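Contents: one structure, followed by commentary.
Values quoted throughout were computed directly from the atomic coordinates according to the rules given, and no laboratory measurement underlies them. Please read these numbers as outputs of a predicted model, since none were measured by experiment. Cβ atoms come from the backbone with ideal geometry, glycine included; neighbour counts cover every protein chain shown.
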Amino acid sequence: PSSVGAPYLTALGVTNADGNPRRGKGDMPGKLRQIRKFVEVAGGLIDAAIVASSASGEGEGQPRPGTISTVDMGCGRGYLTFALHSYLYEKYGSTSTIDVVVRTRGVEVLPK
C-alpha cells in the first residue's frame with residue numbers, strides 16, 4: 001500500500017534514491033516491512049469503516065472520507081505516521097495529521 005519510492009522514506013533514511021531499503025546503520029529492510037504492514041492493517045481498517053459507514057447511512061453528518069484526521073501520540077521518528085498520512089492522502093485526498101509530543105526525549109526542542 002505504501003509507495004516504494006515515496007520521498008518521505010528517503011528523507012527519513014529508510015530507502016535510498018532508487019527506492020531500495022538502505023543498508024548499514026539500523027535494520028531498514030525490516031523497518032520498510034513494518035511500515036508496509038502497518039499501512040496494510042491500519043489502512044484496511046479505515047477503508048472498511050468508511051465502506052460500512054457509507055453502506056449503513058451512518059455517514060450522514062460525519063466527516064467525509066476526504067477529511068480524515070489522524071493523531072500521532074508516539075515519540076519516534078514518525079515512520080508509521082508519515083506512511084499512514086501518505087496512504088490516506090493518496091487514497092482519499094485531503095487528510096490531516098496532528099502530532100502530540102508526549103515526551104521530549106529524542107525530539108529536538110528549539111528555544112523560543
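Within the shell of other residues whose beta carbon sits under 13 angstrom from the beta carbon of Y8, the net charge comes to +1, with Lys and Arg scored +1 and Asp and Glu -1. For T97, the residues whose amide H sits under 5 Å from its own are T70, ignoring neighbours fewer than 5 places away on the same chain, with H placed 1.01 Å from N.
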